[in-house]
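Heads up: the structure comes next, in structure tokens.
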Amino acid sequence: MLGIIIGVGAVVLMTGVGKSVEGVILGQIDFMGPQTMALFPGNEGPEGGNSSMRPDFDAITFSDTEALKTLTTVKYIAPVVFVPGNAVYGREETDPRIAGSTPEYYLNQNIEVTEGRFHDQKDEEASNSVVVIGSDIAEDLFFNQSAVGKRMELANKKFTVIGVLKPVGMVFFQNVDDRIIMPLSTAVAMTGRTYADMVSMQAVDDFDIAFEDVRALLRQRHGITVPEDGSTDNDDFLVRSAAQAEEILGTVSISLTVFITLIAGISLFVGGIGIMNIMLVSVTERTREIGLRKAIGAKRKDILLQILLESVFLTLIGGCIGIVLGIGLDFLISAAVNKVLSEYQFAISIGAIFLALAMATVTGIVFGVYPAKKASELSPIEALRYE
Amino acid sequence: MSSQNNPTNGFNGEDSPLIQTKNLYKSYFNEGLETKVLFDINLTINKGEFVAIMGPSGSGKSTLMHILGFLDNHTEGEYEFHGKAARTMDEDMLAKVRATRVSFVFQAFNLLPRASIYQNVMLPLIYHPIIPAEERDSRVNKAIESVDLTDRTNFLSNQLSGGQKQRVAIARALVTEPELIFADEPTGNLDSASGIQVMKVLQDLHDSGHTIILVTHEQSTAEHADRIIELFDGRITRDTEEFKTRWAVDEDKLMK
Ligand SMILES: Nc1ncnc2c1ncn2[C@@H]1O[C@H](COP(=O)(O)OP(=O)(O)OP(=O)(O)O)[C@@H](O)[C@H]1O
Ligand SMILES: [Mg+2]
């Protein structure tokens, strides 16, 4: 009975958790439009680290980004410059990701404000000290009171908050609600930078073509020759798309499904062994009982029918308890994880439940009825003497 | 005994002896190894007898009882029950004989451990092809009463003392009122007071017309019977009519 409960419960729980995790991953993919692209300096992209120590960190200059605007296959070209420093408001302090970018940034990121406005071209031209802040920053520094119009300090410089971004949550497992965006011109003035840390944009139509256009333009401007195998080895930049990331996540999700299936399989197997053990342990006792029943006049078919009904009943009861326990545990885990990761939603796999139940019943019947059948073929005294 | 418990179909009526063995042999085979246990047993037991089988441990008493009670097969020779040869009976026939004709009080009780006294005693009635379901309850209660356990009817059998288990086993054996009751060392695990109580129940059964075959290695227990068969190394070495020298009813009174 315990074996059945554990086996079925494990299958239900593991597949439920698996489904929830899958939901989180698929949610990441859904978020960004597949048209969004990003251009990074250096051959390794953002994986190379953010430090100015890595090669080609300054490869993408603002004249490059201006040149990109001549392309017809990409739009909303927004160079991004990261500004190191803390954000301070009164006695509150936080460690945000501060970026300077142009108004196109809001367009290619598909983001909205819940309060105030985005910065515009006028702010760019005047290098205004204004910022649009992420929802987490608004919460941390202003405790959800209206932040618009408040003056805060970024990297020891005073800024006026003009907008608060709508919460987005995790994108590719990174919290994007702790960002602060200022006009690019302001960031350039603060850092004296001539190059972008990243350029975000959107493909107008087909992004394979957009990719090729961006590459061709930059290779031409940087005087890069493409190796014979056509690889990107010589490039001093890297283009990424949300669609590419989606593909990666897609593979992750497939391997996750495989993983879950594997876990479910293992749980089924372990559960099956558990059930088998329970059934086999009771064989001795069962065999004696069968011997006794035969001794007092039970027919073979009386015994088989009884054992069959018992096995089915037992496994079904155990299976139902297992399902309830599995779902309950899954629910508790979901509730706990949900506090930390809001994308994690409670989920159960109906298919797995039926599979688990079927497995429990089949194992129960096979390992309950088979020994019983053997026992019922013994003479009563042999069965009674069984050890 | 009510006629419904005596279906004569399949048997040669009541003329043949209840039990007759002719040159009966029994061997056990374990992994090809033959253990000869019974040799050339010739035995006739008639209806209404009270037979005690005696003999040292390992002499084959239980084995003989199991064969006579249709719980085990013999190896050679013939065993006839009401004139019908046991080896000609098929599984269903054997089940029917076990359900209606004979019952067994085992040396090791063999109760269902997690079932109540009531359920244990009820068990044979479930497989009885004739006794109607509505008679079961009264029969069970009557059987439990006859072994003096009415106040413990709903106890689980693993909550009982050895003597009480033995009495439950007897109640289970008599609940179908079979014509033939086997009792394998029914007093072996009991103190003399409980032993006498058990013998009283058996003697009462005998007095009401049941045939009793019991195994014992105690002379005092055997003396309750009116025939003693002695086994030694698998052979019958003595078979004598006795006049009962002990009456459990009187002994029971003496004890009190
Ligand atoms: N299943 C078996 N396989 C092989 N030998 C057996 C088996 N059962 C009993 N025997 C042997 O048969 C012989 C008779 O056993 P049985 O149980 O009939 O003796 P018994 O007279 O009832 O002894 P006890 O007084 O100790 O109960 C013994 O020597 C025993 O070892
Ligand atoms: Mg014995």
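Points worth noting:
- Restricting the search to strands (runs of 3 or more DSSP E) fully inside the range A:143-229 and requiring at least 1 residues that are under 27 Å from A:ALA242 (Cα atoms) and under 33 Å from the mean Cα position of the chain (by Cα) gives A:157-165, A:179-183, A:198-203.
- Test: residue in the range A:314-336 that is open to solvent by less than 20 Å² (accessible area, probe 1.4 Å), in the same structural domain as A:GLY265 (by TED's automatic domain parsing) and within 16 Å of ligand 2 (Cβ to nearest atom): no
- Cβ-Cβ distances below 7 Å connect the following pairs, each with a first residue in the range B:168-183 that is within 10 Å of chain A (Cβ to nearest Cβ), a second residue that is surrounded by 24 or more Cβ atoms within 10 Å (Cβ to Cβ) and among the hydroxyl-bearing types (Ser, Thr, Tyr), and a separation of six or more residues or different chains: B:ALA173/B:SER103; B:THR176/B:SER103; B:PRO178/B:SER103.
- Any chance B:GLY13 is open to solvent by less than 60 Å² (accessible area, probe 1.4 Å) and at pLDDT below 95: yes
- A:THR72 fulfils the conditions (1) at pLDDT 85 or above; (2) open to solvent by less than 60 Å² (accessible area, probe 1.4 Å) except for a single criterion, (2).
- Residue identified as over 16 Å from the mean Cα position of the chain (by Cα), within 14 Å of chain A (Cβ to nearest Cβ) and touching a residue at least 12 places away in the same chain (Cβ under 8 Å) among B:THR100, B:THR63, B:THR75, B:THR21: B:THR75
- From the list A:VAL113, A:VAL132, the lone residue that is closer than 30 Å to A:VAL204 by Cα and open to solvent by less than 20 Å² (accessible area, probe 1.4 Å) is A:VAL132.
- Scanning the range B:42-53 turns up at least one residue that is open to solvent by 60 Å² or more (accessible area, probe 1.4 Å), away from ligand 2 (no atom under 16 Å from the Cβ), within 14 Å of the chain's Cα centre (by Cα) and farther than 18 Å from B:VAL215 by Cβ.
- In the range A:102-117, the residues that are touching a residue at least 40 places away in the same chain (Cβ under 8 Å) form no Cβ pair under 6 Å with any partner that is part of a helix (DSSP H, G or I) and surrounded by fewer than 18 Cβ atoms within 10 Å (Cβ to Cβ), whether six or more places apart or across chains.
- Within the range B:27-41, the set of residues being open to solvent by less than 80 Å² (accessible area, probe 1.4 Å) and free of Cβ contacts under 8 Å to residues at least 60 places away in the same chain comprises B:SER27, B:TYR28, B:GLY32, B:THR35.
- Checking B:ALA95 against (1) among the small types (Gly, Ala, Ser); (2) away from chain A (no Cβ under 11 Å); (3) touching a helix residue (DSSP H, G or I) at 6+ places or on another chain (Cβ under 8 Å), the condition it does not meet: (2)
- The condition (being in contact with a Phe, Trp or Tyr (Cβ under 9 Å, 6 or more places away or on another chain), closer than 28 Å to B:SER220 by Cα, within 16 Å of ligand 1 (Cβ to nearest atom) and of a type in the set (A, V, I, L, M)) is satisfied by just one residue among B:ALA173, B:ALA108, B:ALA183: B:ALA183.
- Filtered residue count, the range B:70-102, keeping only those that are open to solvent by less than 50 Å² (accessible area, probe 1.4 Å) and touching a Leu at 6+ places or on another chain (Cβ under 9 Å): 11
- Scanning the range B:103-124 for residues that are facing chain A (nearest Cβ under 9 Å) and either open to solvent by less than 20 Å² (accessible area, probe 1.4 Å) or touching a Pro at 6+ places or on another chain (Cβ under 8 Å) (or both) returns B:SER103, B:PHE104, B:PHE106, B:LEU123, B:PRO124.
- If you go through the range A:345-387 and keep only what is polar (S, T, N, Q), within 14 Å of chain B (Cβ to nearest Cβ) and assigned to a helix (DSSP H, G or I), you end up with just A:SER376.
The values are calculated or read from the model by the stated rules, or taken from the named source; none is laboratory data. Please read all numbers here as calculations on a predicted model, not as lab measurements. Glycine gets a Cβ as well: all are built from the backbone with ideal geometry, and neighbour counts include every protein chain shown. Side chains are part of the model used for accessible areas, which takes the heavy atoms of the whole protein and leaves out ligands, DNA and RNA. Shrake-Rupley method; radii C 1.70, N 1.55, O 1.52, S 1.80 Å.
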